[in-house]
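Shown next, in structure tokens, is the structure this report addresses.
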Amino acid sequence: MRLIDCTFICFDFETTGISAQVDRIVDIGAVIFNIDTDRQEVFSEIVNPQQPISASASAVHGLFAEDVCDAPLITDTLPAFLDFIPRDGVLVAHNAGFDRSFLASACAFNSMEPPCNEVICTLPICRRAWPDLKNYRLETVGRYLNLIDVEEHRGLADSLLLAQVFRRAIDRLSINTKEELFTITTPHSVAEVGMKPASVPDGFELFSSAIDNGSDMVIQYGDDSRAFRRITPERVITNGSRVYLLAVCHRDRIRKQFRFDRIHKFHCVAER
């Protein structure tokens, strides 16, 4: 298939931290484009992650609690983003494993089907196109190509920059077909990673009843903690061999995930 006949979607997430299993998306940016035209569509949305943003993450993207507290939740934003993505388009990200894992986790946490689009990473493309750069951060490549003077580190800004870098790399490497492109960067799918719905492990059947009935539970969690915390279980998910409980933690007042193998004691809260 000719590249000029392909639709591409460069996308970027800013997050509360670096772990897709614990952290959440705070900023979504994306741009739809074709290689041979200037026409493009953009998507940009700030998200309230319902959890603290780490200091190290804020230092990168400049978003703080006060910036996101009134923003829509991912339950509202994610469906709009998934609808924005053309079904036949190729998703493009820089260090795609990071963004792909956050998208997979967001879909799983919200019981939504992940997009079936092919996802490619621009890191190997940039390394092939410009083999002598000191590093391959998107901003480094952008500065080298005189595309930016200031590093914004925001979802839409990085997506627009990536689209320009991607076009330049395609032109420099004289890539004409999708098949040629995929020999440089292997396509993956969002469904390959992240959390998936699961059943509770043996011995934890009480959690299934709590989820079905909307009941609260009290658990003792962690190897060193003897304290109990009250939670509202919502669903059970898995990532590889580990099974997690997604629940609202009343102590921390946020939605969290708990590994079943670290839950030592538990019981349902008696209703009055």
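The values are calculated or read from the model by the stated rules, or taken from the named source; none is laboratory data. Bear in mind the structure is a predicted one, so any value in this text is a computation, not a measurement. Glycine also receives a Cβ, built like all others from the backbone with ideal geometry; neighbour counts cover every protein chain displayed.
Just one of (1) within 18 Å of Cys10 (Cβ to Cβ); (2) at pLDDT 95 or above trips up Glu118, so point out which.
For Glu118, the failing item is (2).
Tell me, yes or no, whether the stretch 129-145 has at least one residue that is over 25 Å from Phe182 (Cβ atoms) and part of a loop (DSSP other than H, G, I, E, B).
There is at least one residue in the stretch 129-145 that is over 25 Å from Phe182 (Cβ atoms) and part of a loop (DSSP other than H, G, I, E, B).
Please specify each residue of the stretch 232-269 satisfying the condition of being polar (S, T, N, Q) and part of a loop (DSSP other than H, G, I, E, B).
Ser241
From the list Ser54, Ser101, pick out the single residue that is more than 22 Å from Val150 (Cα to Cα), among the hydroxyl-bearing types (Ser, Thr, Tyr) and over 15 Å from the mean Cα position of the chain (by Cα).
Of the residues listed, the single one that is more than 22 Å from Val150 (Cα to Cα), among the hydroxyl-bearing types (Ser, Thr, Tyr) and over 15 Å from the mean Cα position of the chain (by Cα) is Ser54.
From the list Phe13, Phe8, exactly one residue is in contact (Cβ under 8 Å) with a residue 40 or more places away in the chain and closer than 22 Å to Phe109 by Cβ. Which is it?
Matching residue, one of Phe13, Phe8: Phe13.
Test each condition in (1) charged (D, E, K, R); (2) touching a strand residue (DSSP E or B) at 6+ places or on another chain (Cβ under 8 Å); (3) farther than 30 Å from Ile85 by Cα for Glu205 and report the one that comes out false.
(2)
For the stretch 26-62, which residues satisfy the criterion of being of a type in the set (Gly, Ala, Ser), over 20 Å from Leu73 (Cα atoms) and without any contact (Cβ under 8 Å) to a residue 24 or more places away in the chain?
Scanning the stretch 26-62 gives Ala55, Ala59.
Any chance you could count how many residues in the stretch 200-216 are loosely packed, with under 13 Cβ neighbours inside 10 Å and part of a loop (DSSP other than H, G, I, E, B)?
The total comes to 3.
When the residues of the stretch 217-237 are filtered to those that are of a type in the set (Val, Ile, Thr) and surrounded by 17 or more Cβ atoms within 10 Å (Cβ to Cβ), which remaining residue is nearest to the chain's Cα centre (by Cα)?
Among them, the one singled out is Ile237.
Are any of the residues in the stretch 169-185 under 26 Å from Thr16 (Cα atoms), in a loop (DSSP other than H, G, I, E, B) and within 25 Å of the chain's Cα centre (by Cα)?
Looking for residues that are under 26 Å from Thr16 (Cα atoms), in a loop (DSSP other than H, G, I, E, B) and within 25 Å of the chain's Cα centre (by Cα), one finds none in the stretch 169-185, hence no.
Could you tell me whether any residue of the stretch 188-195 is closer than 26 Å to Arg262 by Cα, part of a helix (DSSP H, G or I) and within 27 Å of the chain's Cα centre (by Cα)?
yes
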